[in-house]
Amino acid sequence: MRLQELDVIVTSPPPPGWGGRYWIFVKVTTDTGITGWGEVYASTIGPKAMEAVIRDVFERHMAGENPENIELMFRRVYSSGFTQRPDPTVIGAFSGLEIACWDILGKDRDRPVWALIGGKMNERVRAYTYLYPLPGMKAADFWVSPEMSAEAAAEAVSRGYTAVKFDPAGPYTIRGGHMPAMSDITRSVAFCKAIREAVGDRADLLFGTHGQFSTAGAIRMGQALEPYSPLWYEEPVPPDDLHSMVAVARSVRIPVAAGERLTTKAEFGAVLRAGAAEILQPALGRAGGIWEMKKIAAMAEVHNAQMAPHLYAGPIEWAANIQLAVSIPNLLMAEIIETPLHDRIIKGGIRVEEGYVRAPEAPGLGIEVDETLLRAHPFDGEGLHLQMQEAPCDYAHGNRFEGGAPRQD
């Protein structure tokens, strides 16, 4: 069996666009006629340029190869051009293609992927959700309203969720870490207070940030949140600054989580060795794929750290996350996004039931992909999957965060 054909499909979710402005799917077919699906979560360049990268990686390093030889193909890609270092764009391309290889192998053997990477450790995967506006809520108001977020949290808990994530501490800027405005700290405390009062001890609070703070600013913000006992403090400083992340971890009594912007064992290993985070959040469509994340889970196990796969993408990366999560002993939980389009693309192959996802039993990734639906929503915009603002933190008039990737007019 050999890898033979590649197709790349870029899909744009309709408003409100939870999961980013676009999703990049890969369809890989073998010379025996088996099709595997993967998803590339790489946003440093636009999707047209990314498609060229994906095709180059496939044709240069994977075409004609046995899909079983994942380690060999990874080493080819990781070493390409005399690099042997993490590259979020090239490794992102490989990650989606690698996921497709596992889908092929599972289908060829009539077994789910988790059965090929160590078997079933977890019958169910604990799920968590970001808090999104409920029907009738105005999104622009929701992101700055502790009361609306508390209502959304209570609704999520009523559906069985035991953890909810929220992110009131913006802005994310290209300027690196900044000292949060006092109004941002006040709002963040108000969010934690309102949500904790709404859910009590029925759910964990997951405080999301995206690397926007200076070291002192992250410590100042984190210490203000401690009375509400969040389960984690997500990426409080820029992801390339391990020294600062260690300082935050030692100064704030909330576990630090990180990893959605990291790639390969090289970067995750550095985090673990430094003691910078106790919870790792790999995005499988960027970080190296399923096999590389299986290695990282083992490394984390040695350091008594837990895994919480990240998801701000489409449902095929979600399917890969679940396959990994089923197979590892140090799973904490996995992120999910519930939208009608996510569900329809994979024809309901993965569902959250009372806050958990059951281990899939169907072959491969455990999903059937509606290719016609993927092609029915092409991306024709100019923005990247996610973008940071250029304007600095506003200390006089307050900051507003619109959530995720607001669609462009």
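Taking (1) modelled with pLDDT of 95 or more; (2) closer than 29 Å to His397 by Cβ in turn, Asp201 satisfies each apart from (2). In the stretch 314-351, the qualifying residues are those that are touching a Lys or Arg at 6+ places or on another chain (Cβ under 8 Å) and of a type in the set (A, V, I, L, M), and the one that is surrounded by the fewest Cβ atoms within 10 Å (Cβ to Cβ) is Leu331.
In the stretch 385-398, is there at least one residue being assigned to a loop (DSSP other than H, G, I, E, B), free of Cβ contacts under 8 Å to residues at least 60 places away in the same chain and closer than 24 Å to Pro47 by Cβ? Yes, some residue in the stretch 385-398 is assigned to a loop (DSSP other than H, G, I, E, B), free of Cβ contacts under 8 Å to residues at least 60 places away in the same chain and closer than 24 Å to Pro47 by Cβ. Scanning the stretch 265-317 for residues being among the polar types (S, T, N, Q) and either in a loop (DSSP other than H, G, I, E, B) or at positive phi (or both) gives a total of 2. Candidates Pro146, Pro88: the one that is modelled with pLDDT of 95 or more, touching a Lys or Arg at 6+ places or on another chain (Cβ under 8 Å) and either surrounded by 18 or more Cβ atoms within 10 Å (Cβ to Cβ) or closer than 22 Å to Phe25 by Cβ (or both) is Pro146. Just one of the listed residues (Gly92, Gly96, Gly106) is assigned to a helix (DSSP H, G or I) and touching an Asp or Glu at 6+ places or on another chain (Cβ under 6 Å), namely Gly96.
Gly176 passes every criterion in (1) under 29 Å from Leu262 (Cα atoms); (2) crowded, with 19+ Cβ neighbours inside 10 Å apart from (2). Note on the stretch 131-239: enclosed strands (runs of 3 or more DSSP E) holding 1 or more residues that are aliphatic (A, V, I, L, M) and under 30 Å from Pro86 (Cα atoms) are 204-208. Within the set Ala163, Ala181, the sole residue that is buried (at least 19 other Cβ atoms within 10 Å of the Cβ) and within 23 Å of the chain's Cα centre (by Cα) turns out to be Ala163.
Each residue in the stretch 371-380 was checked for being more than 17 Å from Tyr41 (Cβ to Cβ) and surrounded by 14 or more Cβ atoms within 10 Å (Cβ to Cβ), and 3 of them qualify. If only residues of the stretch 31-79 that are in contact with a Lys or Arg (Cβ under 7 Å, 6 or more places away or on another chain) and among the hydroxyl-bearing types (Ser, Thr, Tyr) are counted, the one that is farthest from Arg286 (Cα to Cα) is Thr35. Of the listed requirements (1) buried (at least 18 other Cβ atoms within 10 Å of the Cβ); (2) under 22 Å from Ser95 (Cα atoms); (3) in contact with a helix residue (DSSP H, G or I) (Cβ under 7 Å, 6 or more places away or on another chain), His385 misses just one: (3). When the test is whether a residue is in contact (Cβ under 8 Å) with a residue 12 or more places away in the chain, crowded, with 21+ Cβ neighbours inside 10 Å and among the β-branched types (Val, Ile, Thr), Ile45 does not pass it. For the stretch 242-264, the tally of residues that are touching a Pro at 6+ places or on another chain (Cβ under 9 Å) and part of a helix (DSSP H, G or I) stands at 5.
The C-beta contact set for the stretch 310-336 (first residue assigned by TED's automatic domain parsing to the domain that holds Glu235 and free of Cβ contacts under 8 Å to residues at least 40 places away in the same chain, second residue assigned to a helix (DSSP H, G or I) and among the aliphatic types (A, V, I, L, M), distance under 6 angstrom, 6+ apart or interchain) comprises Asn321/Leu284; Asn330/Ala300. Scanning the stretch 184-194 for residues that are surrounded by fewer than 22 Cβ atoms within 10 Å (Cβ to Cβ) and among the polar types (S, T, N, Q) returns a single hit, Thr186. Return yes or no: is Arg85 in contact with a His (Cβ under 8 Å, 6 or more places away or on another chain) and basic (Lys, Arg)? Against the criterion (in contact with a His (Cβ under 8 Å, 6 or more places away or on another chain) and basic (Lys, Arg)), Arg85 does not qualify. Among the conditions (1) modelled with pLDDT under 95; (2) within 23 Å of the chain's Cα centre (by Cα); (3) among the hydrophobic types (A, V, I, L, M, F, W, C), Ala140 misses just one, which is (2). If only residues of the stretch 195-214 that are surrounded by fewer than 19 Cβ atoms within 10 Å (Cβ to Cβ) and out of contact with any strand residue (DSSP E or B) (no Cβ under 9 Å at 6 or more places or on another chain) are counted, the one that is farthest from Gly355 (Cα to Cα) is Glu197.
Looking at Leu374, is it within 14 Å of the chain's Cα centre (by Cα), farther than 19 Å from Asn122 by Cα and either of a type outside the set (Ser, Thr, Tyr) or assigned to a strand (DSSP E or B) (or both)? So Leu374 fails the test. Looking across the stretch 150-180, the residues that are over 17 Å from Met221 (Cβ atoms) and in contact with a helix residue (DSSP H, G or I) (Cβ under 6 Å, 6 or more places away or on another chain) come down to Ala150, Ala153, Ala154, Val157, Val164.
The values are calculated or read from the model by the stated rules, or taken from the named source; none is laboratory data. In this text the structure is predicted, and so the values were computed from the model without any measurement. No Cβ is skipped: glycine too gets one built from the backbone with ideal geometry, and neighbour counts run over all protein chains shown.
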